1. Put a dot 7 Å past each Cα toward the Cβ at residue 86 and residue 34; how far apart are the dots in nm?
2. On a C-alpha basis, how far is the centre of region 33-91 from the centre of region 147-164 in Å? Whole number, if you could?
3. Out of these labelled values of log10 I(q)/I(0) by the Debye sum over Cα atoms at q = 0.09, 0.11, 0.13 Å⁻¹, [x] -0.30, -0.45, -0.63; [y] -0.63, -0.88, -1.08; [z] -0.47, -0.69, -0.91, which was calculated from the coordinates shown here?
4. Just to confirm the number: angle between the C-alpha axis of helix 85-102 and the first principal axis of the chain, 0 to 90 degrees, nearest 10?
5. Placing unit charges on C-beta atoms (Lys and Arg positive, Asp and Glu negative, everything else neutral), compute the dipole magnitude of the chain about its Cα centre in debye, rounded to 20.
6. So what are the ³J(HN,Hα) numbers for region 55-66, from phi and the Karplus equation (6.51, -1.76, 1.60; θ = phi - 60°), rounded to whole Hz, Gly and Pro as x?
7. On a 0 to 90° scale, report how tilted helix 144-154 is relative to the longest principal axis of the chain, with both axes built from alpha carbons and the result rounded to the nearest 10.
8. With every protein chain left in place and a probe of 1.4 Å, what is the accessible surface of residue 63, to the nearest 10 Å²?
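The values are calculated or read from the model by the stated rules, or taken from the named source; none is laboratory data. Because the structure is predicted, anything quoted here is derived from the model rather than measured. Every residue, glycine among them, receives a Cβ derived from its backbone with ideal geometry; neighbour counts consider all protein chains shown. Accessible surface areas use protein heavy atoms only, side chains included; no ligands, DNA or RNA. Shrake-Rupley method; radii C 1.70, N 1.55, O 1.52, S 1.80 Å.
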Amino acid sequence: MIVYGSFTETSVPKLFMAGVVPGLIMTGFFMIYIGIHAAIRPSVAPREAGTNSLAELIKALADVLPFVFLMVGTLGGIYFGFVTTTEGATIGCLLAIILGVAYGELTWRGLVNAMHSTILFSGNILFIILVAYIFSYAISFAGIGEKVTAFIVGLNLSQLEFFIALLILYTILDA
C-alpha cells in the first residue's frame, strides 16, 4: 500500500484504513475454512486436551503483545500523524529487528539474508514499475489508447457487450 500510495499520490493511512474491513472479512473466511477443514480432517488440528488456566492465558497474551506493539508502533504513528509513511516503515523495520534479536531468532547472517531478499524483491517491483511507465508512455505517444477507444465506441455495444469486449481485450493483453 505504501508503494501504491506513493505512486498514485493517495493517502497511505487512508489506504491502510480501507484495508481493515477486507482484511477482517478475509480473516473471517480463513477462520471458517480452517474450522470446516479441521472438522473434516481432525488430524490437521487436534483438539485441546484440557482447559486452559489463567497463567496459560497470560503467557499466550505475553507472547502476542510484542507484535501488537510492532503494529501499533508502525501504524499508530502514521494514523496519528506523528510520522510519515516512510518513517513509519522505518520504525516498523527497526522494531521488527529488535523483536528478532530479543527473541533470539535474528542472527547477523539472518539479517544479511533478509536485506539481500529485500533488495531483490524491491528491485523486481521497481523494475516492473519502470517497465510499466515506459509501456504507458509508449502507448500514449503512439496514440493506441485513443484508437482502441474509437474502435470500441464505433462498435455501438451494449453495456454487457462492452464489458465482455474489455474482458477479451484484457485477456489478450495479459497473455
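1. Here the modelled spin labels are 3.7 nm apart.
2. First find each Cα centre; the distance between them is then 49 Å.
3. Among [x] -0.30, -0.45, -0.63; [y] -0.63, -0.88, -1.08; [z] -0.47, -0.69, -0.91, the one derived from this structure is [y].
4. The two axes meet at around 30 degrees.
5. 200
6. 5, 5, 5, 5, 5, 5, 5, 5, 5, 8, 3, x
7. 70
8. 80
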